[in-house]
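Q: Take a look at the following structure, please.
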Amino acid sequence: MRFLRDFNFKDKRVLVRVDFNVPLGDDGRVDEKEDWRLEAALPTIRYLLGQKAKIILLAHLGRPGGKIVESLRLNPVAQRLEELLGQPVVKLDDCLGGQVKERLKNIQAGEIFLLENLRFQAGEKNNQSDFAQQLAKLGEVYVNDAFGAAHRGHASIVGLPQYLPSCAGLLLEKEIKALSKILLQPVHPLVVIIGGVKISTKIKVIKNFLKQADDLLLGGALANTVIRAKGLAIGKSVVEEEVVDEVKKLELTDTKLHIPVDVVASINAQGQAPSRIMPVGQTEEKEMILDIGPDTIQLFNRIISQAKMVVWNGPMGVFEVAKFASGSRAVAQAVAQSPAFSVVGGGDTITLLEQLNLTNKIGHISTGGGAMLKFLAGEKLPGLEALE
Ligand code: ADP
Ligand code: MG
């Protein structure tokens with residue numbers, strides 16, 4: 001794999017694939033607590049500016065399904081990027097076509113253009129070669145800095161490097177280094193915390209860390225499926241019935257595996273009804289498990305405080321509602337206070353850290369949720385393979 005330092009970018013048109021997939025607020029703007037993906041791309045953009053490159057940014061937003069969706073245009077992203085960079089970013093209203101070519105014809109060294117949402121074109125997701133080739137014609141070098149999309153086999157990720165000299169950007173390089181440390185040079189005790197919703201998307205990483213980690217802590221809705229697989233009551237909790245059988249095949253009695261010993265439950269997930277703390281398994285039919293309980297927090301704190309390396313993805317409860325945020329906050333504090341090398345990823349998990357102003361206490365904040373989990377499960381990422 002080649003890196004930025006291996007190229008001379010002076011006066012070159014550089015296509016930079018970035019991950020600007022940020023949530024937009026109700027006002028249609030990028031909230032400053034949600035702009036960490038933009039910030040993460042700044043080092044590469046600044047490096048290329050310093051090299052006097054002509055910068056053409058490629059990005060996607062949301063899931064427009066191969067057609068134009070007005071609310072998913074990249075204008076608010078361009079605006080926030082301008083603010084962060086303190087220099088103009090020219091946003092084009094398309095990513096291909098005569099007008100785009102015309103506008104890019106006279107691009108000057110040190111200028112930054114941002115093309116329209118790539119997923120407005122069906123060719124992006126389907127990795128159509130003619131789409132990739134047309135994009136390739138807009139530049140002379142390709143830089144992939146979109147770690148958050150590296151697990152996708154899309155045209156701008158795996159197609160472009162077939163047609164242009166390519167390398168990894170600074171963010172991609174940093175992600176690979178930090179995550180490889182966990183996989184290839186683990187320092188023990190390695191403690192892995194997994195929460196959030198879908199165990200189906202996280203089961204591979206759970207399996208891998210049941211082998212590699214010293215302690216695996218499960219919380220969030222994902223733990224409900226494990227609690228259910230153990231035959232304990234979960235009431236109306238969010239659960240993935242269709243993976244209960246697969247979860248039963250995990251080594252559920254393994255002493256490394258820690259599921260909540262107590263939980264916070266209520267009949268209302270928005271916090272509009274009383275809630276109560278109970279030992280796991282005592283949830284009544286109408287109740288939902290919405291957070292880990294105080295004994296579990298203590299247990300998790302103790303394990304985290306002894307770690308030499310920590311990986312964390314996924315909140316421990318419905319942290320958006322203050323009543324059910326204690327478990328997630330406690331874990332965030334414990335990870336931040338720990339002297340261990342820590343890696344944290346996942347959109348909601350990072351939002352939580354931002355809210356608590358704890359991001360600067362973390363060893364590495366991964367910009368990839370799905371990509372990070374896939375990498376840490378030991379799987380190959382198409383976007384990284386394409387650069388080899
Ligand atoms: P990340 O984005 O960090 O990878 P996920 O998207 O997997 O995390 O999960 C975050 C979501 O999980 C949050 O919206 C949170 O409300 C939800 N969640 C966590 N615990 C529960 C629970 N017990 N019941 C319902 N939802 C939960
Ligand atoms: Mg999420």
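Just so it is clear, none of the values below were taken in a lab; they were calculated from the coordinates. Remember, predicted model here, so these are calculated numbers, not experimental data. Neighbour counts are summed over all protein chains in view; Cβ atoms, including those assigned to glycine, are modelled from backbone coordinates with ideal geometry.
Q: Checking the a/c ratio against 1.5 first, then a/b against b/c, what shape does the Cα gyration tensor give for segment 111-152?
A: Since a/c stays below 1.5, the shape of segment 111-152 is classed as rounded.
Q: Same structure again: Using label points projected 7 Å from each Cα along Cα→Cβ, tell me how many nm separate residue 286 and residue 180, to one decimal.
A: 5.6
Q: Could you let me know the centre-to-centre spacing of segment 329-386 and segment 71-124, using Cα atoms, in angstrom?
A: Distance between centres, Cα-based: 29 Å.
Q: Within a Cβ distance under 10 Å of residue 328, other residues only, what is the Lys/Arg minus Asp/Glu net charge? Before the final figure, lay out each step's value.
A: Details: positive: 329; negative: 291, 320, 348.
Its environment carries a net charge of -2.
Q: Need one word for segment 236-309: rounded, prolate or oblate. Basis is the Cα gyration tensor (sqrt eigenvalues a ≥ b ≥ c); a/c below 1.5 gives rounded, then a/b vs b/c decides.
A: Verdict is oblate for segment 236-309.
Q: Right, something else. What nm value, rounded to one decimal, do you get for the distance between residue 306 and residue 261 when each label is placed 7 Å out toward the C-beta?
A: If labels sit at residue 306 and residue 261, their model points lie 1.3 nm apart.
Q: Can you work out the FRET efficiency for the pair residue 252 and residue 357, with r the C-beta to C-beta distance and R0 = 30 Å, to the nearest 0.05? Provide the component values of the computation, followed by the final result.
A: Working: r = 37 Å, r/R0 = 1.23.
Once the sixth-power term is evaluated, E becomes 0.25.
Q: Can I ask one more? Between the alpha-carbon centers of segment 1-67 and segment 271-311, tell me the distance in whole angstrom.
A: Segment 1-67 and segment 271-311 have Cα centres spaced 38 Å from each other.
Q: Full-extension gain between residue 278 and residue 90, please, as 0.36 nm times their residue separation minus the C-alpha to C-alpha distance.
A: Numbers: separation 188, 0.36 × 188 = 67.68 nm, distance 5.54 nm.
Additional length available on full extension: 62.1 nm.
Q: Under a GNM of the chain (C-alpha, springs under 10 Å), which listed residue has the highest mean-square fluctuation: 61, 356, 160?
A: Highest fluctuation among the options: 356.
Q: Once amide H atoms are placed 1.01 Å from N in the peptide plane, what residues at a sequence separation of 5 or more from residue 3, or on another chain, have their amide H within under 5 Å of its amide H?
A: 168
Q: Find which of 316, 273, 303 sits farthest along the positive direction of the dipole of segment 271-317, computed with +1 on the beta-carbon of Lys and Arg, -1 on that of Asp and Glu, about the Cα centre.
A: 303
Q: State whether the chain is rounded, prolate or oblate according to the following rule on the C-alpha gyration tensor (a ≥ b ≥ c being the square roots of its eigenvalues): a/c under 1.5 gives rounded; otherwise a/b larger than b/c gives prolate, and the remaining case gives oblate. Don't skip to the answer; put the middle values down first.
A: Details: a/c = 2.14, a/b = 1.88, b/c = 1.14.
Here the chain falls in the prolate category.
Q: For segment 113-122, what does the Karplus curve 6.51 cos²θ - 1.76 cosθ + 1.60, with θ = phi - 60°, yield as ³J(HN,Hα) per residue in whole Hz, taken in order and with x for Gly and Pro?
A: Each residue's phi maps through the Karplus curve to give 10, 10, 7, 5, 2, 4, 6, 6, 9, 4 Hz.
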